[in-house]
Every structure is written in C-alpha cells, then in structure tokens.
Amino acid sequence: MPDQPAAPSRPSVLRLSPACDLGEVRVAVQTAHGFLAREGWSDDDLTSFDLALVEACNNAVKYSGPSGRNQPVGLEIISEPGGVEFRIHDHTPGFDWPEKVKLPPPDSERGRGLYLITTLMDSARYYRGRDGNLLIMRKSRLVAAQSKPTVATEAAANPDRRLAEDERVIGEMVEELSSCYESLAAIFRYSAEQGRGGDPAEFARRMLRDLLLIVEGGWFVLRLVPKGESRLVVLVASDALELPPLLFPASGHAPDSAELEAALTRKRVWFGIQQAPHAKGPLGKQRPGSVGVVHPIVLGDQLIGTLAVGRQPRPRQSSADNDLAFTAGQMNVIATFGDFLAIQIANAHFQEEQFRQRLMTHELEIANKIQRSLLLGDLPQVRGFRLAGFCRSAREVGGDFYDVLTINEHSVLLIIADVMGKGIPAALFAASLRTLLRAAPELTGRPGALLSRVNSLLFPELSGVDMFITAQLACLDADARRITLASAGHCPVAVADRGVVRTFAPEGMPLGVVADTQYHEESVELPPDCTALLYTDGLTEARNARGEQFGDQRLMEWLARAAGTGRGPEALKEELALELARHQANTVLNDDQTFLIVSG
C-alpha cells in the first residue's frame, strides 16, 4: 500500500475579548505572550509581538468613542508552524492606513505606533467596517528568499540608509527616556521640597530652570490668572523680561499673543519665525527671533495660567526638518512640568486659603472673648429688684448686646440693642453704641434724649454702609417702681403680672435711618412681684426644623407662666434659654438672641 500524505497540522488559536480598558488589554497581551511562548517562538519574536500588540490594543482603547467603550476589544491569534497571524478588532471611528508608513518627524506625537508595527511585523493591513475595524498583522518564522520585499530585504538593499534610520530612532528613544528620567527625578525632588513650604515663586523659578536644562531651552515665562480676575500676570521669568499683564479680550480672540491664545483655547501654541501673527505679540517683541511653545496650565476645568518656553532656532539639517523648537519627547516633559506646576500652584493657593481661614478663626475667637468680656457678668442691682441677662451669638461675634448702667443708688438704665446684620461689622457698631451710651452719664436718666444724641453721632457711619440699629432703653426707678422707656424701632418691653402680660413699645425710628430724630418716652408702673422682659427679635424669629418661628405668642405665654412661679431672674434666664434651645433642636442658629429679665 503506498504511503499516504501526512495530514496537515491544525493551527493553534487563542481568542480573547478584554474590556475596552488599558489595564485589561495589558493582561490580555500577557496571556498572548504565554500562549506564543508555548508555541515555540523565540524571545526576540515574543518581544516584538508584545510591542506590536500593546500598540495595537492601546489604540483600540485610546480612540474608542462613547459607544465603543462599552464593547470589548477582539484579539485572535492563529499560530502555525510557518508563522502567526494577529487579528485585532476595535470599535473606534477608524482611520485610513497609509500606503507607505514612514517614520514621523521628531516633533510629531502621532504615527510612531504604525511605524513600530510595520517594522516589527512582516505585514500589516487595516480594514474599516460599519460595525468596527480589523487590524491583521502577520509574522513568519523564517522569511523565504522568494518572498516579497520586507523591512529586512529593504535593509539589505539599503544598509546605510537603514542604519542611519535605526540610529535616529534609537537616538530619539534614548533622548526621550533620558528626559523622562530627569523630569521624574526633578519632580520627585521638588515634591519633597514643596511639602516643606516656602515661596511659591522661588519654587517655580528653580523648577523651571531645571526644565530648561532637560529640554535644552533658553528661557521661560510663567504667568498665572489671579483669583477672580480676567488677565495673565507674570509670576516668574528666567530673566528680567518686562512683560505687562495680558487682559483677556472681550471678543475671545487674541491673534497677536501666543500666551492669550493658549489660555483662551486651552491648547498649546507654537511661536517663532513661521508663526507671523505671534511675532508682534509680547514674546515676539521681547525675544525676537526665538522659537518656542506656550503650554496652558489647566487643572480640571480651571485655567491656572500659561508656561512659555523658548530658545534660539536650531540649525536645520535638511529640508525635512521643521521650525518647531522642541521634539515630541521634550514637549511631553514640558507638559509634565506644566501639569505638576498646576497641582502645586493650586495646592499653594489652598494652603494659603487654609492659613487665612485659621488666622481669621483665631481673630474671631479673640473678638468673641473681647465681646463677651464687655457683657456684664454681675449686673448692678437695686433694692427691691433682681436682674439677669443672656446673650447668644449666631456667629463668633454678633451685633446684639445688653448693658446696665448705674444712675444712682435707686435707679439703673437697662439697655438692649440689635445691630442689623451679623459678624464683625455688626460687632463693631455694637461696641461703638455701647461706648457712646456710657459716654453721656448726664443723660442716663433721660432715655429719649440719650437715643437722640447717639443717633446723631452714629448716623454718618451707619447710613454710609446702609446699616441701622434697633435699641430699647429703660430707666428703672426702684423707689417709684416705675420704668421710663424709649425705643429706636426695637421689640416691645413685656411686663407680666399675675398671669397677664402687657407690652409697651414707644414709637421711634431705628438708629441710623434719619439724622435728626426725637425719641419719645413712656412711663410704666411696675406692680409688686411682676416680671419684665427686654429682648431682641432673635427670640421670636428662632425657627425649628419645620421652619416654624418661636413667635410672640409662644414667648408671651412662657412669660405669663414663668412670672407666677416666684422664681428669680437667674432661674428664669436658664429656663428661657433651654426653651429656645429645644425649639431650635437640629437647626442652625440664624440670629443673635439676647434678653434681660427684671423681677421685683
């Protein structure tokens, strides 16, 4: 029986569907590496396959659209004794594969991947389709002599040309790797230095000087956008360049300024001999003949500033050379330094804001202590009556205050006031009012006249800032058991006697509204065992979690109940403060709360 021909061996096939993610495709490439190693491919071939697959799969992820990100990358490997075929299926918009893939110029940031694939593979073809695209790469174990010309046969035909081209590629890779190493080393060093604080401008200047050494630059200008402004201001420059601030144009178009164009478009802008419009701009006037690039410094959606790096033009080696100042690798370094500066500048601003906040908080704590010290701890007492006061500020400092001035052995002047607004401005006017009231002892027994005088003194300052003060003065005569009231638009005085509450509110404009105001007085008899309450609107306007106010009725009902218990003003003060706190549980205090209680 004649010998039968041997059956052809079946190819080994590996199919993978990694998610459209750089980390996932790298895992898939590692799986492919192990598969091909078992197929007996050499270490050199495996390295070539890894590089080509990583480049192809990364492009499938990098250029995928919104719909493509939800679909996997298809990877199929067919290994036979004579060679291997790779099929990469992507869901990108696709591109037109050039007839002949050439090494891109040094400044180009794209095209190197195609050149790498065609150099490492015997053949590569790209097919665009409606439902995706297909890249097919092939590599033979042994290249037959009669096969069509490949990179290897072309190299044999033109060894000098191929050697020069390889040296160029290797030189660029070495330069780029060296730049990356130097830039990373500098960034790590400056990260440690910045953590110790210091002057941000000096930090940026030293860092950018190192950048010039790494990219072989000649000079730099770093501009920042001040907070809340629409202009670029020089923070540091490599030398004494006289560069004025650059205002953002209302039209949004700046043809004569590379820095403004980079800031407005958020894209890098080249300047130099071939960029005629920018030759008339500030950089062109200060550095005529220079070439360079302006890199926008952006963090998230926020424009931080611009970084301009320039140098004198390099001698052109051939007509293929262009006029750009920096190679793609050097531009990557410039972009890395710019992004790092964006983070450091934003961090410096944050730290400065935090420091200011801590300083302001400390100052407010001091102001709070000063303001609290102005409130009398032990109120003056007169025979037959007892007094208690309470003041709670919505912020560290506020505009409410109370005071008690001794007139004589049987009379005191009760004062309660509320400055419109909160915070430091209100506290300053409260302190001024307290000082002016104490500066006229001859009028303490005449509350109406005292309010008129204080109003005339405070009117220029209050009206100048559109603020006003409400105040209530009550002259208590213990012998006559009578109070004489004068009000500057303040809450009424409430007097509770045997479960009945009466309120008294003499008419009067708030302080600071009308320059010449006369304040009328009203006298009120105080029955035995009555309780009087002077208060600010922070009590009645206090809201609970449902938005309900404490209100006048609730306050008067509390006063009617409390007055009949026979407890002293200190106990009543604590009870009212607790009642207010209960009403405002789980809410934020929105207004100062102040009151005076008189029992007698």
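So the values come out like this:
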| read-out | value |
| --- | --- |
| Qualifying positions in the range 551-588 - outside any helix (DSSP H, G or I) and either touching a His at 6+ places or on another chain (Cβ under 9 Å) or not polar (S, T, N, Q) (or both) | Gly551, Gly564, Gly566, Arg567, Gly568, Ala585, Val588 |
| Residue match in the range 446-456 (condition: in a strand (DSSP E or B) and more than 46 Å from the chain's Cα centre (by Cα)) | no |
| Flag if Pro72 is at pLDDT 80 or above and either under 30 Å from Met331 (Cβ atoms) or part of a loop (DSSP other than H, G, I, E, B) (or both) | yes |
| Leading residue by the ranking (modelled with the lowest pLDDT) among those in the range 303-362 that are in a loop (DSSP other than H, G, I, E, B) and touching a strand residue (DSSP E or B) at 6+ places or on another chain (Cβ under 8 Å) | Asp323 |
| Matching residues, the range 53-100, being touching a Gly at 6+ places or on another chain (Cβ under 8 Å) and among the β-branched types (Val, Ile, Thr) | Ile88, Thr92 |
| Cross-chain or 6+ apart pairs with Cβ under 7 Å, the range 385-408 first and free of Cβ contacts under 8 Å to residues at least 60 places away in the same chain, then basic (Lys, Arg) and not in a loop (DSSP other than H, G, I, E, B) | Asp403/Arg434; Leu405/Arg438 |
| Enumeration of residues in the range 75-101 that are of a type outside the set (A, V, I, L, M, F, W, C), modelled with pLDDT under 90 and within 20 Å of Thr119 (Cα to Cα) | Gly82, Asp96, Pro98, Glu99, Lys100 |
| Residue list for the range 409-419, restricted to those being in contact (Cβ under 8 Å) with a residue 60 or more places away in the chain and either part of a loop (DSSP other than H, G, I, E, B) or at positive phi (or both) | His410 |
| Any hit, the range 434-449, residues being surrounded by fewer than 18 Cβ atoms within 10 Å (Cβ to Cβ), in the same structural domain as Asp400 (by TED's automatic domain parsing) and on the phi > 0 side of the Ramachandran plot | no |
| Which numbered condition Ile88 fails, given (1) within 21 Å of Arg26 (Cβ to Cβ); (2) free of Cβ contacts under 8 Å to residues at least 60 places away in the same chain; (3) surrounded by fewer than 18 Cβ atoms within 10 Å (Cβ to Cβ) | (3) |
| Residues of the range 508-535 satisfying the condition of being within 58 Å of the chain's Cα centre (by Cα) and of a type in the set (Ser, Thr, Tyr) | Thr517, Tyr519, Thr531, Tyr535 |
| Residue check, Val169 under 30 Å from Glu76 (Cβ atoms) and at pLDDT below 75 | yes |
| Residues satisfying the stated conditions in the range 26-61, i.e. surrounded by fewer than 16 Cβ atoms within 10 Å (Cβ to Cβ) and among the small types (Gly, Ala, Ser) | Gly34, Ala37, Gly40, Ser42 |
| Residue list for the range 457-469, filter: in contact with a strand residue (DSSP E or B) (Cβ under 8 Å, 6 or more places away or on another chain) and outside any loop (DSSP other than H, G, I, E, B) | Leu458, Phe459, Leu462, Ile469 |
| Selected residue [over 25 Å from Gly398 (Cα atoms) and modelled with pLDDT of 95 or more] from Val500, Val495 | Val495 |
| Condition broken by Asp418, with the remaining ones in (1) surrounded by fewer than 22 Cβ atoms within 10 Å (Cβ to Cβ); (2) under 18 Å from Asp537 (Cβ atoms) satisfied | (1) |
| Filtered residue count, the range 523-540, keeping only those that are over 18 Å from Gly384 (Cβ atoms), at pLDDT below 95 and of a type outside the set (S, T, N, Q) | 3 |
| Hits in the range 486-499 - residues which are of a type in the set (A, V, I, L, M) and out of contact with any helix residue (DSSP H, G or I) (no Cβ under 7 Å at 6 or more places or on another chain) | Val493, Val495 |
| Residues of the range 517-550 satisfying the condition of being acidic (Asp, Glu), surrounded by fewer than 17 Cβ atoms within 10 Å (Cβ to Cβ), on the phi < 0 side of the Ramachandran plot and assigned to a loop (DSSP other than H, G, I, E, B) | Glu541, Glu548 |
| Filter result for the condition that a residue is closer than 18 Å to Val298 by Cα, assigned by TED's automatic domain parsing to the domain that holds His295 and touching an Asp or Glu at 6+ places or on another chain (Cβ under 8 Å), over Leu246, Leu222 | Leu246 |
| Any hit, the range 481-502, residues being part of a loop (DSSP other than H, G, I, E, B), within 18 Å of Pro447 (Cα to Cα), more than 52 Å from the chain's Cα centre (by Cα) and basic (Lys, Arg) | yes |
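The values are calculated or read from the model by the stated rules, or taken from the named source; none is laboratory data. What you see is a predicted model; the values in this text were computed from it and never measured. Here Cβ is always computed from backbone atoms with ideal geometry, including for glycine, and neighbour counts include all displayed protein chains.
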